[in-house]
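Visitor: Sending over a structure as structure tokens; questions will come in a sec.
The values are calculated or read from the model by the stated rules, or taken from the named source; none is laboratory data. Treat the numbers as computed from the prediction; the structure is a model and nothing was measured. A quick note on method: Cβ atoms are made from the backbone with ideal geometry, for glycine too, and the neighbour counts reach across all protein chains shown.
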Amino acid sequence: MSLIKTNKFIIHNLYKLLSLKYNMVVGWIIGLIALIAIVVIIFIYYYNRFVVLGNRINNSLAQIDVQLKKRADLVPALVKVVQGYAKHEKKIMEEVTKARSILVKGGDFQTKIKAGDQLQAALGRLFAIAENYPNLKANENFLQLQQELASIEDKIAYARQYYNDSVLYLENASQRFPGVIFFKMYGRQRKEYLKIPETARNMPEIDL
């Protein structure tokens, strides 16, 4: 009888020990699965984050490109109107036409931005000269083109600011830990800010 009780006691303790080890193994497995899931989620999060930020930058570049093209499309009409009142202002006409030609030829985006800045500066000088011609300033077509160009300049300025803000977000995400690790791991490239040249900063304001 005593032997039976002893065997039951041993079996009971063995069962408890096996149950404890089983629970520990199950706990370790669940913990490992949870850890892997967290790592996978982090990988997905940073991948999607960099994709979103990259798409935001590309979209702002596309918006700038659209507005640069719109501005270039308005230049021939503007030059034609100005020539009707200031034919002897050939130098500024040539500057505007040349700057537009460079922009229309295209190239990489930095080339377009530089050409767009040159055109912006040339248009600023053109509008400054127009101040000397009251009849030109009163021309309905000239005023309409002037307003459209001013609106486009505002949109370009907004798009450039949006681009730079997006680049800043990307810089912050890629330089902070652990983002810096994933940024390099995914082979992402840094983006350059769009800088406003001195000629554009000093450009005379368009008087509406």
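Visitor: Hey, does segment 132-152 have a residue that's among the acidic types (Asp, Glu) and over 19 Å from Lys80 (Cβ atoms)?
Guide: No, every residue in segment 132-152 fails to be among the acidic types (Asp, Glu) and over 19 Å from Lys80 (Cβ atoms).
Visitor: May I ask you to list the residues in segment 62-117 that are among the charged types (D, E, K, R), closer than 20 Å to Asp154 by Cβ and free of Cβ contacts under 8 Å to residues at least 60 places away in the same chain?
Guide: Of everything in segment 62-117, those that are among the charged types (D, E, K, R), closer than 20 Å to Asp154 by Cβ and free of Cβ contacts under 8 Å to residues at least 60 places away in the same chain turn out to be Asp65, Lys69, Asp73, Arg100, Lys112.
Visitor: Which pairs have Cβ atoms under 7 Å, sit 6 or more apart or on different chains, and link a residue in segment 42-58 that is among the basic types (Lys, Arg) to one that is at pLDDT 95 or above and exposed (fewer than 14 other Cβ atoms within 10 Å of the Cβ)?
Guide: none
Visitor: Only one residue in Lys98, Lys90, Lys80 is over 20 Å from Ala62 (Cα atoms) and under 31 Å from the mean Cα position of the chain (by Cα), so which one is that?
Guide: On the way: Lys90 fails: under 31 Å from the mean Cα position of the chain (by Cα); Lys80 fails: under 31 Å from the mean Cα position of the chain (by Cα).
Only one candidate passes the filter, namely Lys98.
Visitor: Then there is this: Only residues that are touching a Leu at 6+ places or on another chain (Cβ under 8 Å), modelled with pLDDT of 90 or more and charged (D, E, K, R): list them for segment 104-159, please.
Guide: Glu148
The rows are residues; the columns are (1) surrounded by 10 or more Cβ atoms within 10 Å (Cβ to Cβ); (2) at pLDDT below 85; (3) basic (Lys, Arg).
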| position | (1), (2), (3) |
| --- | --- |
| Asp165 | yes, no, no |
| Tyr169 | yes, no, no |
| Asn172 | yes, no, no |
| Arg188 | yes, no, yes |
| Ile196 | yes, yes, no |
